[in-house]
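Inspection log for the structure reproduced underneath, given as structure tokens.
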Amino acid sequence: MTLRNRQNLKLAAVSAVLLALIGMTVLAPWLAPCDPLAIDMSNCLAPPGRAHLLGTDALGRDVLSRVIHGGRASLLLAAAATSLSMCAGLVIGIAAGYCGGIVDAAITGVSNIFQGLPGMVVMIALVGVLGSNTRSIILALVLTSWVGFSRLVRGEVLKIKAEPYIEGMRGLGAGHLRIILRHVMPNIRTNLIILFTTRVGRVILSVAGLSYLSLGIQPPTPDWGEMISGTARRYFRSAPHLLWAPGICIILLTLSIHVLGDLLRDRLDVKQDAVKEL
Amino acid sequence: MAILTYTGRRLLMLIPVLLGISLAAFLLGRIAPGDPVDEALFRIGVEFPTEEDRAEMRAQLGLDRPLPAQYLDWVGRALRGDLGRSYVGNRDIARELMTRLPITLEVSLAALAAAVVFGVGGGVLMAAFHGTWVDTVLKALSTLLLSVPGFWLALFLITVFAEQLHLLPTSGLDRGLASLVLPAVALSAANVGSTSRFTRGNILAQLGEQYIVAANAKGLSQKAVMLGHAFRNSLVPIITLIGNYFGGILGGSTIIENIFAIPGLGSYVLSAIQNRDYPVIQGYVLVTGATFVLITLAIDLLYLAVNPKIRIQGGES
């Protein structure tokens, strides 16, 4: 088997796992055997059995149904926040790299400050002050991750801008917008996709961490991070199944995203240091 | 001389970052929901304030002045070690933070040490055994570590090492080094994963360079080429990366302190968040931010030891 074939096979396997997990969360209302919010106090902390395949939690809610629903909120949040950071980073990075001069200096100064802030600390403080709702979580995530994108984009734009063909385009009378859209963007696409992949994995872990601190997804909405903090943490000694199911889901999700990022990197043959190992 | 230039430049670069951190901490107090005037009046027992009460309190709190003046005032007091008093318990925030900071630092530095030892060590091993099963297994392991949420790992480690094997304590810090092991491992896991991957990639990139061919050609042993040449030259980016991770470790320690019942900064800020005790949150951001900056500075000064270019020319940036 050639290297290419083996890569394809791995890529297909990882994509299948990822699609299965995403499919599970998207189709959750149809897949879940029970209502994830239905409380049954007569049947709490039941071990895995026939009625409840993964047992029940401290409020008698079906763990399997909660696990199936548990990715919805955080996946959506992670995808939205990372996309927003990418858009912000793209615009700011192109502005810095393409305009150069004082614009570049100002943006670089501001990004240095943002990079100097410890991300998780800012996130906890911001969500803690503004209250844990979707808007403040997304704001906190975007504020702490746009710099990664804008630095990458700026570096790439600087490199592309120096190419002779860009000068040629200018000579032929192409406008700035045309050069940015038709020549700069396609060149940074692959790196951006890879950075997006690794960032989504990171952001999912951050959201899970926030939910664990009860600053993220709020109960009773089923969420993997919240499930681990809510009931699993108090009862994991007597009911370890509460810890396993949501934990394995988070790990499987982030692991497949990371492996996908690695494979894309190998496959698309990225040489840029900026995204080599993140 | 070059050393002084480099150190001076690094110190100058601290100023905007410290300004940014103080601005972020200050603004946190301003964007907080609720009117601080009403809350301050409520705390001294005035439940139904008149306009006069409010105007007086506003002037007393300095909130009638323009925002930049308020900021300068706040920074000035913070520099003198006055971060105000907490809403809950009316305690001196700066003193409370300072008694808790060493505890958080102990846990975070232990985690940083673990990330350096296992991350760099694992990366060197992977590079040395590049292409063999050792590399494959360690690489898979490091990707797995990167994907495990720290809080889950912490609970898992407690179950295995504390509950089942009774080797290590489940919480607190009263058993010295033994009680630091689990928090440090849980806190550093993700960083061990990324550091080892990064180290591996960097050393492998160095191994493709011309000077490695030269070193091999003059008959140096594999070990000497690996450690003396490839590893040495890949150290600079690795040190930068590890410095950046410290910010993540400081933030992540909030979660870990919560799990292991460690009375550090993290558990303080979490209870402050629950009580809407905004001055404490501001102080937390200021103190952790400043700590992060100082530790990164200390790590950056390590460049002087590993990078002769800086010792001689003063470095680029």
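Taking each pair of different alpha-carbon atoms in region A:1-131 once, compute 1/r for the pair, average those values, and report the inverse of that mean as the Kirkwood hydrodynamic radius in Å to one decimal. List each step's numbers first, then the result.
On the way: mean 1/r = 0.0516 Å⁻¹.
Here the Kirkwood hydrodynamic radius works out to 19.4 Å.
Of the cross-linked pairs B:K223/B:K309; A:K10/B:K139; A:K159/B:K223, which ones have a Cα-Cα span greater than 27 Å in the structure shown? Could the numbers behind the result be given before it?
Details: B:K223/B:K309 24 Å; A:K10/B:K139 15 Å; A:K159/B:K223 37 Å.
Cα-Cα > 27 Å for A:K159/B:K223; rest within.
Considering Cα pairs under 8 angstrom that are at least six residues apart, work out the relative contact order of chain A and quote it in whole percent.
On the way: 351 pairs, mean separation 63.6, N = 278.
Computed value for chain A: 23 percent relative contact order.
Sort largest first and round to whole Å: the equivalent ellipsoid semi-axes of region A:188-264, each the square root of five times a Cα gyration tensor eigenvalue. Intermediate values should be presented prior to the final figure.
On the way: eigenvalues 165, 38, 10 Å².
Whole-Å semi-axes of the equivalent ellipsoid: 29, 14, 7.
So what are the radius of gyration and Dmax for the Cα set of region A:201-240, in Å?
10.2, 31
In peptide B:279-289, how many Cβ atoms from other protein chains are near each Cβ within 10 Å, on average? Kindly include the intermediate steps, with their values, before the conclusion.
Working: counts 0, 1, 5, 2, 0, 4, 9, 0, 1, 7, 6.
The per-residue average across the peptide is 3.
Per Stokes-Einstein, at 4 °C and 1.567 mPa s, what whole-number D in µm² s⁻¹ belongs to chain A, with the Kirkwood radius over Cα pairs as the hydrodynamic radius?
D, rounded to a whole number, is 62 µm²/s.
Once Rh for region B:1-103 is found with the Kirkwood sum over Cα pairs, what is the Stokes-Einstein diffusion coefficient at 4 °C and 1.567 mPa s, in µm²/s?
79 µm²/s
Roughly how tilted is helix A:3-26, in degrees to the nearest 10 and between 0 and 90, from the longest Cα axis of chain A?
50 degrees
How large are Rg and Dmax for region B:117-181 when only the alpha carbon atoms are used, in Å?
15.2, 44
Two-decimal Rg/Rh of region A:141-278 from alpha-carbon positions, Kirkwood Rh?
The Rg/Rh ratio comes out at 1.18.
Counting alpha carbon pairs within less than 8 Å and at least 6 residues apart, what relative contact order, in whole percent, applies to region A:45-134?
Details: 41 pairs, mean separation 10.6, N = 90.
12 percent.
Using only C-alpha atoms and all pairs of different ones, pull out the Kirkwood radius for region B:181-317 in Å with one decimal. Could you put the intermediate results ahead of the total?
Values: mean 1/r = 0.0565 Å⁻¹.
Result for region B:181-317 stands at 17.7 Å.
Taking the convex hull of the alpha carbon atoms in the protein assembly as shown, what volume per residue do you get, in Å³?
On the way: hull volume 126.8 nm³, N = 595.
Cα-based convex hull of the protein assembly as shown, divided per residue, equals 213 Å³.
Treating each Cα of chain B as an identical point scatterer and ignoring solvent, apply the Debye formula and state log10 I(q)/I(0) at q = 0.11 Å⁻¹.
Normalising to I(0) and taking log10 leaves -0.84.
Can you give the local net charge around A:S132? Use residues other than it whose beta-carbon is closer than 12 angstrom to its beta-carbon, Lys and Arg +1, Asp and Glu -1. If you can, show how the numbers build up before the last one.
Numbers: positive: A:R135; negative: A:D223, A:E226.
That works out to -1.
Can you give the helix-only mean residue ellipticity at 222 nm for chain A, where every DSSP H stretch with n ≥ 4 adds -39500 (n - 2.57) and the sum goes over all residues, rounded to the nearest 500 deg cm²/dmol?
Numbers: 12 runs with 185 residues, N = 278.
When only DSSP H runs of four or more count, the value is -22000 deg cm²/dmol.
Sorted from fewest to most neighbouring beta carbons within 10 Å, what does the list A:M120, A:M169, A:M86 look like? Before the final figure, lay out the partial values.
On the way: A:M120 22, A:M169 16, A:M86 25.
Fewest to most other Cβ atoms nearby, the residues stand as A:M169, A:M120, A:M86.
Please report, in Å, the Rg and the Dmax of region B:56-100, where both are computed over Cα atoms only.
Reported Rg and Dmax, both Å: 12.1, 35.
Give me the percent of Cα-Cα pairs in region A:66-139 that sit more than 22 Å apart, rounded to a whole number.
On the way: 1075 of 2701 pairs.
Counting every Cα pair in region A:66-139, those more than 22 Å apart make up 40 percent.
Using Cα pairs under 8 angstrom and six or more residues apart, how large is the relative contact order of region A:66-196, in percent? Show your work: numbers first, answer last.
Working: 101 pairs, mean separation 44.4, N = 131.
Here the relative contact order equals 34 percent.
Translational diffusion coefficient, Stokes-Einstein: compute it for region B:44-179 using the Kirkwood radius over C-alpha pairs as Rh, at 10 °C and 1.306 mPa s, and state it as an integer in µm² s⁻¹.
On the way: Rh = 20.7 Å.
The estimated diffusion coefficient comes to 77 µm²/s.
Compute the convex hull volume of the Cα atoms of region A:45-203, divide it by the residue count, and report the result per residue in Å³ as a whole number. Mind showing how you got there, number by number?
On the way: hull volume 22.1 nm³, N = 159.
Once divided by residue count, the hull of region A:45-203 is 139 Å³.
Coordinate-derived values only; no laboratory data. Note that the coordinates shown come from a computational prediction; the quantities given were computed from them, not determined experimentally. Neighbour counts run over all protein chains shown; Cβ positions are idealised from the backbone, glycine included.
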